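For reference, the structure is listed below as structure tokens.
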Amino acid sequence: QKNLGSILAKKGQTDEAIYHLQKALEIDPSYSDAHDHLGNVLLKIGRTNEALFRLQKALEIDPNKISTLKNLAIAYVRSGQLTNAIPLVEKALALAKAAGNESMIREITVNLDQLIKMSHSVQHSPR
């Protein structure tokens, strides 16, 4: 279910992806990858509060998963919680460096630049 949900999400079929990821979580609520993928899909379609919940759950289950740390940081910035995002980005970057994962280091660095830009737009947008 999780793999199908992830494939559908990549194809832009978000409703179907959400359905299959939720089904995967009904089968195994402790499946961190399904929480992470569902959170990421929800984040992409602007359902930030729901994404925050799913990504926080994924991080509770697997506190050292780099993609979850990165995705949760993005969700925090989008919800105006920059101070919560910073330690997550720092941890994700440290884990990626420790693992020698150059592609993830580049991805986090690019995301960090985007987070900074997002944080400026969130801070300057009317509430």
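Summary table below
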quantity: Selection status of Ala9, over 23 Å from His120 (Cβ atoms), assigned to a helix (DSSP H, G or I), open to solvent by less than 50 Å² (accessible area, probe 1.4 Å) and modelled with pLDDT under 95; calculated: yes
quantity: Members of segment 87-104 found to be without any contact (Cβ under 8 Å) to a residue 12 or more places away in the chain and within 18 Å of Glu60 (Cα to Cα), listed by number; calculated: Pro87, Glu90
quantity: Test for Asn3: is it polar (S, T, N, Q), free of Cβ contacts under 8 Å to residues at least 12 places away in the same chain and surrounded by fewer than 14 Cβ atoms within 10 Å (Cβ to Cβ); calculated: yes
quantity: Boolean, Lys117 is assigned to a helix (DSSP H, G or I), among the charged types (D, E, K, R) and open to solvent by 30 Å² or more (accessible area, probe 1.4 Å); calculated: yes
quantity: From the options Arg78, Arg106, Arg54, residue that is among the basic types (Lys, Arg) and out of contact with any helix residue (DSSP H, G or I) (no Cβ under 7 Å at 6 or more places or on another chain); calculated: Arg106
quantity: Test result for Thr68, open to solvent by 30 Å² or more (accessible area, probe 1.4 Å) and among the hydroxyl-bearing types (Ser, Thr, Tyr); calculated: no
quantity: Which listed residue is of a type in the set (Val, Ile, Thr), more than 11 Å from the chain's Cα centre (by Cα) and open to solvent by 60 Å² or more (accessible area, probe 1.4 Å), from Ile18, Ile27; calculated: Ile27
quantity: Conditions (1) under 25 Å from Asn101 (Cα atoms); (2) touching a helix residue (DSSP H, G or I) at 6+ places or on another chain (Cβ under 8 Å); number of the one not met by Leu25; calculated: (1)
quantity: Residue list for segment 30-48, restricted to those being open to solvent by 50 Å² or more (accessible area, probe 1.4 Å) and either among the basic types (Lys, Arg) or closer than 15 Å to Thr68 by Cα (or both); calculated: Ser30, Tyr31, His37, Lys44, Arg47
quantity: Qualifying positions in segment 71-104 - surrounded by 21 or more Cβ atoms within 10 Å (Cβ to Cβ) and of a type in the set (Val, Ile, Thr); calculated: Ile74, Val77, Val89
quantity: Hey, Thr109 open to solvent by less than 70 Å² (accessible area, probe 1.4 Å), at pLDDT 95 or above and out of contact with any strand residue (DSSP E or B) (no Cβ under 9 Å at 6 or more places or on another chain) or not; calculated: no
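The values are calculated or read from the model by the stated rules, or taken from the named source; none is laboratory data. Since the structure is predicted, the reported quantities are computational estimates derived from the model, not experimental observations. With ideal geometry, Cβ positions are generated from the backbone for all residues, glycine too; neighbour counts draw on all protein chains shown. Just so you know, the surface numbers come from the protein's heavy atoms only, side chains and all, with ligands and any DNA or RNA stripped out. Shrake-Rupley method; radii C 1.70, N 1.55, O 1.52, S 1.80 Å.
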